[in-house]
Each structure stands twice: as C-alpha cells, then as structure tokens.
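The values are calculated or read from the model by the stated rules, or taken from the named source; none is laboratory data. These numbers come from a predicted model, not from an experiment. FYI the Cβ positions are ideal-geometry reconstructions off the backbone, even for glycines, and counts take in every protein chain you see. Just the protein is used for accessible areas: all its heavy atoms, side chains included, with ligands, DNA and RNA removed. Shrake-Rupley method; radii C 1.70, N 1.55, O 1.52, S 1.80 Å.
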Amino acid sequence: MSKQTAIRLPDEIYERLQALAERTGRTATYYIRQAIEAHLDDLEDVYLAERAMERIKNGEDEIISSEEFWRGLDN
C-alpha cells in the first residue's frame, strides 16, 4: 500500500525535475521517490546522532570505551 503526499518545490527545482522526466521517459514522481529513498537513511542517521549528542550533553547517556563495551558482552 502506498500513500500520497504533496510538496512545494521552488520553480527551478520543479523545472529541472520536469526536464529530467521528459528526457528520460520516466515520471517526476519516480525521481522524487528515488531522491527520498536515497537520502532518507542519511537524514535519519543525522537526526538520531544529534539526539544522541543531546542526551550525552544533558547527562542522560554516557560514553564508554570500546574495552568497557566488549567486556560487558563477555558476562
């Protein structure tokens, strides 16, 4: 199942997208989906890393050495 959404694009991006679609015979939707899929993992990683850093700064989490980490797995 898929869901539909709407986005607003600057005119320049919209025109580039339309030109690419016309030149390749694919739809603009195809390229929008490709771009989102290609970058969503990166965006998730960045925001999750930022949240982890906030937790460390706020004292909610702590950093341990790799030796401590691996030692904890031996038990």
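Residues in the stretch 37-75 that are open to solvent by 100 Å² or more (accessible area, probe 1.4 Å), under 30 Å from Gln4 (Cβ atoms) and among the hydrophobic types (A, V, I, L, M, F, W, C): Leu48 alone.
Ile7 meets each of the listed conditions (1) free of Cβ contacts under 8 Å to residues at least 12 places away in the same chain; (2) β-branched (Val, Ile, Thr); (3) open to solvent by 80 Å² or more (accessible area, probe 1.4 Å) apart from (1).
Residues that are assigned to a loop (DSSP other than H, G, I, E, B), modelled with pLDDT under 95 and either in contact with a strand residue (DSSP E or B) (Cβ under 8 Å, 6 or more places away or on another chain) or among the hydroxyl-bearing types (Ser, Thr, Tyr) (or both) do occur in the stretch 5-28. For first residues located in the stretch 54-67 and free of Cβ contacts under 8 Å to residues at least 60 places away in the same chain, partners that are among the β-branched types (Val, Ile, Thr) and open to solvent by 100 Å² or more (accessible area, probe 1.4 Å) and lie 6+ apart or on another chain with Cβ distances below 8 Å form the pairs Ile56/Ile63. All told, Arg23 meets the bar of being exposed (fewer than 11 other Cβ atoms within 10 Å of the Cβ), more than 30 Å from Glu62 (Cβ to Cβ) and either free of Cβ contacts under 8 Å to residues at least 24 places away in the same chain or of a type in the set (Val, Ile, Thr) (or both).
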